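The values are calculated or read from the model by the stated rules, or taken from the named source; none is laboratory data. All of these numbers come straight from a predicted model, not from anything done at the bench. Ideal geometry is used to build each Cβ from the backbone, glycine not excepted, and the neighbour counts take in all protein chains shown.
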Amino acid sequence: MDKRFWVGFNLVKGIGAVRVRALLSFFDSLEDAWNAAPEKLQEAGLSAKLAESIVKLRAGVDLEKIWSQIEKQGIKILTWDDELYPPRLKEIEQPPPVIYARGEITMDDHYAVAIVGTRQISPYGRQITEELASFLAGQGITIVSGLARGVDAVAHTAALKAGGRTIAVLGSGVDKIYPPEHLQMAEKMMKQGAVVSDYAVGTPPESANFPPRNRIISGLSMATVVIEAGATSGALITAEFAAEQGREVFAVPGSILAPQSKGTNRLIQKGAHPLLTPQDLTQALNLTRAGEFKAARKAIPADALEAQLLSALGAEPVHVDEIRNATGLPIEKVSATLTLMELKGMVRQVGGMNYISVRDEQGEYH
């Protein structure tokens with residue numbers, strides 16, 4: 001697969017997950033789609049205007065030159081076909097076809113929690129953010145945020161200080177760190193995580209780019225925690241995306257008089273989990289032993305119960321109720337064991353309480 005053409009289509013406004021899928025189903029590859037005549041692009045389901053945009057763009061760009069710049073800057077390109085494309089992100093409704101990354105995304109980042117909030121962080125918010133990010137990083141959980149001033153920056157910094165992994169999702173190209181005063185922090189993150197974006201290299205940090213990137217912050221994460229947020233905070237958009245993606249949402253309660261807590265208190269009122277201690281989150285997600293589970297990722301089934309559940313699973317999604325019926329086990333035991341097995345990397349929930357087993361060709365778990 002030639003990733004240059006994935007990068008090429010990423011430069012075309014109006015080409016996202018839905019249209020890339022349409023092109024891949026019609027053409028043998030994106031290379032064929034890139035070189036296709038406008039009529040063929042329209043046969044694939046694109047509008048005449050979009051087909052014209054592609055023809056015009058490809059006449060004016062040098063993919064070889066763009067790829068050379070990407071390689072010089074050490075930027076990695078992950079597409080849907082890549083083994084290291086984050087599996088949780090792939091599960092959302094319209095996963096970005098291309099992810100640009102500086103640093104490393106690893107299988108350990110499957111255990112990730114997003115921490116987001118206001119840029120106008122209060123001393124209370126700072127303390128909670130530092131304690132939560134440090135605690136989670138110490139448990140081997142990757143901290144995901146947006147590199148913005150305020151809560152984001154405090155969360156990233158605390159994770160780095162704790163020796164943990166952290167990922168920043170940008171509203172610009174990965175070569176355009178924003179805000180600029182966070183460049184040094186971003187460089188540290190590239191050694192203990194990654195800076196990622198679905199925006200093409202060279203894309204400036206325009207205000208319209210930030211709300212859409214929030215779906216990636218929540219999409220990479222098992223849960224999203226909103227520390228502080230005003231009534232119209234962008235962090236609330238991240239929480240909304242998380243809920244739509246079927247991920248857990250937590251919010252830190254605050255004074256009803258504090259402007260920074262209006263958004264979080266409202267989230268709790270609407271059904272978000274109130275976060276009172278870091279343990280609230282790890283217990284709710286069964287992450288209390290995530291570090292140990294990581295080490296056990298490739299282990300064979302630890303007991304007969306796990307083996308029994310695996311026998312009811314395969315590559316096709318199976319609903320938890322069907323697993324219960326197949327095994328004859330109580331639903332509480334099935335759910336608890338499946339959660340444990342997911343943390344070990346033995347199974348994966350693919351939405352709607354449906355599970356698949358996760359094994360490679362040698363039968364080992366990933």
- Note on the structure: Residue set 258, 208, 235; condition within 25 Å of residue 91 (Cβ to Cβ) and among the aliphatic types (A, V, I, L, M); output residue 235
- Message: Among the numbered criteria (1) more than 21 Å from residue 84 (Cα to Cα); (2) touching a strand residue (DSSP E or B) at 6+ places or on another chain (Cβ under 7 Å); (3) free of Cβ contacts under 8 Å to residues at least 60 places away in the same chain, which one does residue 164 miss?
- Response: (1)
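Matching residues to (1) of a type in the set (Val, Ile, Thr); (2) outside the structural domain of residue 111 (by TED's automatic domain parsing); (3) surrounded by 19 or more Cβ atoms within 10 Å (Cβ to Cβ):
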{"site": "201", "(1), (2), (3)": "yes, no, yes"}
{"site": "206", "(1), (2), (3)": "no, no, no"}
{"site": "210", "(1), (2), (3)": "no, no, no"}
{"site": "220", "(1), (2), (3)": "no, no, yes"}
{"site": "223", "(1), (2), (3)": "no, no, yes"}
{"site": "228", "(1), (2), (3)": "no, no, yes"}
{"site": "238", "(1), (2), (3)": "yes, no, yes"}
- Task: State whether the residues of region 89-109 include one that is modelled with pLDDT of 95 or more, out of contact with any helix residue (DSSP H, G or I) (no Cβ under 7 Å at 6 or more places or on another chain) and of a type in the set (Gly, Ala, Ser).
- Result: yes
- Note on the structure: Here the qualifying pairs (Cβ atoms under 7 Å; residues six or more apart or on different chains; first in region 50-68 and assigned by TED's automatic domain parsing to the domain that holds residue 31 and basic (Lys, Arg); second surrounded by 14 or more Cβ atoms within 10 Å (Cβ to Cβ) and part of a helix (DSSP H, G or I)) come out as 58/8; 58/34
- Message: Just to be sure I understand, how many residues within region 155-170 are under 21 Å from residue 207 (Cα atoms) and not small (Gly, Ala, Ser)?
- Response: 3
- Query: Just a yes or no: is a residue in region 80-96 in contact with a strand residue (DSSP E or B) (Cβ under 7 Å, 6 or more places away or on another chain), over 25 Å from residue 278 (Cβ atoms) and hydrophobic (A, V, I, L, M, F, W, C)?
  - Reply: yes
